[in-house]
Amino acid sequence: MDPAYRCQCNSECTRFGDCCADYGAECLGEGGNVVEPVAPGTGGAACATSTGSSASSTELSCLAQLIWDSDVNRASGGQYALNLQGQIAQSAVSQHRDLASANLFTYMDEGALLTRNTYSAYVALFDNYVASTGTNEVVTSAETAEINAFINLIQSTDVIIKLHEFLSYKGLASSNMATFMADLKEMWFGLYSRSSGAAMDSSGFEHVFLGEFKNGKVSGFHNWITMYLLERDGDANYYGYIWDKQPGILAVQVRWGSLYKDLGSMFYGTSPEFDLAMYTMCYVTSPDSLCRFNMAGASVAIQTWSWANSSYGGGKRYLASAYPA
């Protein structure tokens, strides 16, 4: 028995009534591997000042900085270049005035950046989705394999490992990495309907990372690699930026085809696994609220939303949206 842990995984826990909720699967081998909890003061768990399901801004700041420092796949300044051009007043975003005659991206070293394993696995997911809501997403076996490849690759990155260590120690995730990644996959790639149940047409990943068309507007769309690829292929027209914040967070206005994203905020220069880790950190610790923390010498806020009728903390957990605010 170790009082440092919120719950126990040993033969005595049934006697004392403090077994972990997943005791059967995690500790007895009933459908899972035995995994010891992360010890206090190590890895991502070092950021936890207490056990329990709530996370303070101090804890989140510690974890965010740890994840930031661990993002070895982050692009260097020489691997891409931005041309911000005109700034759009937030009060004027509905006017759709094009204040940028050139592209947002003036350069991207695709050979150095997009060939990295997590980036290439991310790009492989682009053609798996129908942008318009109201149309069923048909997930083929090949697309499932691409999702699994992405999940498997990010699992071994330090940013996901640190996130798991923290959430596991706080009792917000299974200590079993395979179970955690399965939950992460369901959270981000599980399908639901944005069309009043008419079609299984959306997922957290599609909405946040790729963007969707709904009610005559672009919805979601919070990733810089997606922005680059759409602009490169002539599908997106950059209209200008609304704000540019440290440590690399940009809000832009874009016309995608004939539809507008009035304000799409995103990290830039960061790896796909970093973005997913940061949004997951805030969604799991602060669902449906503004998650505030400090990172890389700057104050950062991320807003998250869970999908209606999803059961957070039990059952399936679907992320509806997440973005820098």
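The values are calculated or read from the model by the stated rules, or taken from the named source; none is laboratory data. Predicted model, so just to flag it, every value in this text is computed and none were measured. Cβ: placed from backbone, ideal geometry, glycine included. Neighbour counts: every protein chain shown.
Would you please name the residue that is nearest to residue 156 (Cα to Cα), looking only at residues in the stretch 43-74 that are touching a residue at least 24 places away in the same chain (Cβ under 8 Å), surrounded by fewer than 21 Cβ atoms within 10 Å (Cβ to Cβ) and β-branched (Val, Ile, Thr)?
Applying the filter and picking the extreme gives 72.
Going through the stretch 253-304 one residue at a time, which ones are of a type in the set (Val, Ile, Thr) and over 28 Å from residue 113 (Cβ atoms)?
Result: 284, 285.
Considering only residues that are outside any helix (DSSP H, G or I) and closer than 23 Å to residue 228 by Cα, which ones fall in the stretch 56-78?
71, 72, 73, 74, 75, 76
Considering the stretch 271-309 alone, what residues qualify as being modelled with pLDDT of 95 or more, part of a strand (DSSP E or B) and among the polar types (S, T, N, Q)?
294, 299, 303, 304
Determine whether the stretch 168-175 contains at least one residue that is part of a helix (DSSP H, G or I), over 12 Å from residue 277 (Cα atoms) and either modelled with pLDDT of 95 or more or not basic (Lys, Arg) (or both).
yes
Output the residue which, of all residues in the stretch 183-228 that are basic (Lys, Arg) and more than 22 Å from residue 116 (Cβ to Cβ), is modelled with the lowest pLDDT.
It comes out as 194.
Looking at the stretch 189-228, which of its residues are in contact with a helix residue (DSSP H, G or I) (Cβ under 7 Å, 6 or more places away or on another chain) and part of a helix (DSSP H, G or I)?
Answer for the stretch 189-228, where residues must be in contact with a helix residue (DSSP H, G or I) (Cβ under 7 Å, 6 or more places away or on another chain) and part of a helix (DSSP H, G or I): 189, 204, 205, 208, 209, 210, 225, 226.
Residue pairs, Cβ under 9 Å, 6 or more apart or interchain, first in the stretch 135-159 and farther than 30 Å from residue 196 by Cβ, second surrounded by fewer than 13 Cβ atoms within 10 Å (Cβ to Cβ). List them.
155/178; 157/72; 158/72; 159/72
Please find, within the stretch 79-88, the residue that is surrounded by the fewest Cβ atoms within 10 Å (Cβ to Cβ) out of those that are under 25 Å from the mean Cα position of the chain (by Cα) and not in a loop (DSSP other than H, G, I, E, B).
Out of the qualifying residues, it is 81.
For every residue, the table says whether it meets (1) touching an Asp or Glu at 6+ places or on another chain (Cβ under 9 Å); (2) loosely packed, with under 15 Cβ neighbours inside 10 Å.
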| residue | (1), (2) |
| --- | --- |
| 98 | no, yes |
| 114 | no, no |
| 130 | yes, no |
| 144 | no, yes |
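Does residue 251 fit the bill of being assigned by TED's automatic domain parsing to the domain that holds residue 89, buried (at least 20 other Cβ atoms within 10 Å of the Cβ) and hydrophobic (A, V, I, L, M, F, W, C)?
Yes.
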